[in-house]
Amino acid sequence: MGLDFSVIPGYIDIVLLGCLWTIAITVAAALLSFFGGIFFAVIALYAPAIIRLPFRLFEWVFMGTPLLLQLFLIYFGLVQIGVDLPAFVAGVIGLGLHFAVYNSELIQTAILSVDKGQMEAARTVGLSRGQALRKVVVPQAVRAVIPPIGNNMIALLKDSALVSVIGVSELTLSAQRAIGATYRPFEFYILAAAFYYVINLCMEWVQRRIERRIALSR
Amino acid sequence: MDTDLMLRVYPFFLQAAGTTILLSVLTALLGLACGTLGAAARLSRFALARFLGAAYVSFFRGTPALIQLFILYFGGPQIGIQLDAFEAGVIGLGINAGAYMTETIRGAIISIDKGQREAARTLGLSRWQAMYKIILPQAARLMVRPLGVNLNMLIKATALVAAISVVELTYTAQRYIGSTYKPFEMFLLAGILYMIIIYATGRAVAWLDRKVQIV
């Protein structure tokens, strides 16, 4: 059948729109996974056992099963219990929770490695345990794990392609739409790959800048 | 929870788990081969090989595995590559995993003290002998654990081939979710099987890691 890249310009607007949705879903899920990760880490370390133990189980299940399977559970499971969320929201929740669990693992280790004296000093000057965590310990821990969290966010971008399977019109599904109209899978998947690659490079660039800023402020 | 239904369909899930395991083993072997070649290229003294190695890692780690799979399976026939879904799954995922393993293997090799190589060369070993007899045996010990992490990711990544209709665990779960409207039960069945596979692999890697340590 051969290759013919001249079909691309006619469908470039669909693919570019898909690109914007991919960026939107990545940013939304990244924010959810970042704050969710902090929240999960605090629960995993400080919540009473009755919350902590079921939570550990949840964490273990999310780390031991594929994201695609989790997306099916969230998307179809929510419908089953009567919550009819748009695919985009289900996708953000699925991606966000999945990576929140991975971020939480990083943040837990970081919280435990913050010097004990920080908590003691904060308590001595009159902060409550919650305040000390929120204002003194957690900010230091989060700063220490920004680089590996950045790697997780880049992995999140690539895994955002999976939400095409539950029908979110992001980059991958947009490419599939264009393929449906042209029967040119190779050209459009390569195009999609190129867009992902460029977004990926931009994220790496931002990551390097943030890391440099953190290094400077130390 | 509908346990009757779960009991009725679990044999299909077991069969699908067999496919997931076969897929994982073949992908891991291909990944290891690609990773070894990739690391050799990235550490080569020839600039062209280094460039090709770096380009391989950069492309396959910089784009989604799902897209790579689609390019191979749906786009392949346009450039004369006809593969069935299972073959495309193994080859696509294997080449993808190889890019991650390249970095793991290369990382282990470059973390071996330079003096080892210099000493070996001074004693009259050739470049190849120094690598094969002195550096690799030491680096191999460092690789086991990070390769185990690659393996864990790879097993979960085999779920992607559900998107090209290979009947493995995730595809089976998806199909039964569609036909029974019991997402939670089906997730539980598939999830338990995935966790057994991943747990067993993790234990095997930990055993191997203990086995290869000198002290």
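The values are calculated or read from the model by the stated rules, or taken from the named source; none is laboratory data. Small disclaimer: the values here were computed from a predicted structure and weren't measured. When we count neighbours, we look across all protein chains shown, and the Cβ atoms used for this are built from the backbone with ideal geometry, even at glycine.
Which ones in segment A:79-115 are aliphatic (A, V, I, L, M) and either farther than 27 Å from A:PRO148 by Cα or within 12 Å of chain B (Cβ to nearest Cβ) (or both)? Matches in segment A:79-115: A:VAL79, A:ILE81, A:VAL83, A:LEU85, A:ALA87, A:ALA90. If the condition is being within 22 Å of B:GLY31 (Cα to Cα), assigned to a helix (DSSP H, G or I) and polar (S, T, N, Q), then segment B:164-199 contributes only B:THR170.
Mind telling me which of the residues A:ALA41, A:ALA90 ends up being in contact (Cβ under 8 Å) with a residue 60 or more places away in the chain, surrounded by 18 or more Cβ atoms within 10 Å (Cβ to Cβ) and within 24 Å of A:TYR196 (Cβ to Cβ)? First the steps, then the outcome.
On the way: A:ALA41 fails: within 24 Å of A:TYR196 (Cβ to Cβ).
Being in contact (Cβ under 8 Å) with a residue 60 or more places away in the chain, surrounded by 18 or more Cβ atoms within 10 Å (Cβ to Cβ) and within 24 Å of A:TYR196 (Cβ to Cβ) holds for just one of A:ALA41, A:ALA90, which is A:ALA90.
Give the residue, chosen from B:ILE79, B:ILE91, that is without any contact (Cβ under 8 Å) to a residue 40 or more places away in the chain, touching a helix residue (DSSP H, G or I) at 6+ places or on another chain (Cβ under 8 Å) and among the aliphatic types (A, V, I, L, M). When all the criteria are applied, what remains is B:ILE79.
Within segment A:1-16, the set of residues being surrounded by 14 or more Cβ atoms within 10 Å (Cβ to Cβ) and not β-branched (Val, Ile, Thr) comprises just one member, A:TYR11. Taken over segment A:146-172, the criterion of being without any contact (Cβ under 8 Å) to a residue 60 or more places away in the chain and either away from chain B (no Cβ under 12 Å) or in contact with a strand residue (DSSP E or B) (Cβ under 6 Å, 6 or more places away or on another chain) (or both) is satisfied by A:PRO148 alone. For B:GLY62, indicate whether it is within 21 Å of A:LEU68 (Cβ to Cβ) and modelled with pLDDT under 95. When the stated conditions are applied, B:GLY62 passes them. Scanning segment B:96-116 for residues that are among the hydrophobic types (A, V, I, L, M, F, W, C) and not in a helix (DSSP H, G or I) yields one hit, B:ILE112. Identify all residues within segment A:173-217 that are of a type in the set (Ser, Thr, Tyr), surrounded by 13 or more Cβ atoms within 10 Å (Cβ to Cβ) and either farther than 19 Å from B:PHE70 by Cα or within 9 Å of chain B (Cβ to nearest Cβ) (or both); write none if there are none. Correct list: A:TYR189, A:TYR196, A:TYR197. Among the residues of segment B:75-95, those that are assigned to a helix (DSSP H, G or I), more than 10 Å from chain A (Cβ to nearest Cβ) and out of contact with any Ser or Thr (no Cβ under 7 Å at 6 or more places or on another chain) comprise B:PHE86, B:GLU87, B:ALA88, B:GLY89, B:ILE91, B:GLY92, B:ILE95. Look at (1) within 29 Å of A:TYR75 (Cα to Cα); (2) more than 20 Å from the chain's Cα centre (by Cα); (3) without any contact (Cβ under 8 Å) to a residue 60 or more places away in the chain and you find that A:LEU216 fails only one, number (1).
With the requirement that a residue be facing chain A (nearest Cβ under 7 Å) and either surrounded by 20 or more Cβ atoms within 10 Å (Cβ to Cβ) or at pLDDT 90 or above (or both), what does segment B:167-198 give you?
B:THR170, B:ALA173, B:GLN174, B:ILE177, B:PRO183, B:PHE187, B:ALA190, B:GLY191, B:TYR194, B:MET195, B:ILE198 - these are the residues of segment B:167-198 that are facing chain A (nearest Cβ under 7 Å) and either surrounded by 20 or more Cβ atoms within 10 Å (Cβ to Cβ) or at pLDDT 90 or above (or both).
Filtered by the rule that a residue be among the β-branched types (Val, Ile, Thr) and within 21 Å of the chain's Cα centre (by Cα), segment A:43-81 gives A:ILE43, A:VAL61, A:THR65, A:ILE74.
Take B:VAL161 and decide whether it is under 27 Å from the mean Cα position of the chain (by Cα), buried (at least 20 other Cβ atoms within 10 Å of the Cβ) and not in a helix (DSSP H, G or I). Explain how you work it out, then say what you get.
Values: under 27 Å from the mean Cα position of the chain (by Cα): yes; buried (at least 20 other Cβ atoms within 10 Å of the Cβ): yes; not in a helix (DSSP H, G or I): no.
No; evaluated as a whole, the condition is false for this residue.
Pairs meeting the criteria (first residue in segment A:63-78 and facing chain B (nearest Cβ under 7 Å), second residue assigned to a loop (DSSP other than H, G, I, E, B), beta carbons under 8 Å, at least 6 apart or on different chains) are A:PHE76/B:TYR181. Across segment B:59-74, the number of residues qualifying as over 17 Å from the mean Cα position of the chain (by Cα) and outside any helix (DSSP H, G or I) comes to 0.
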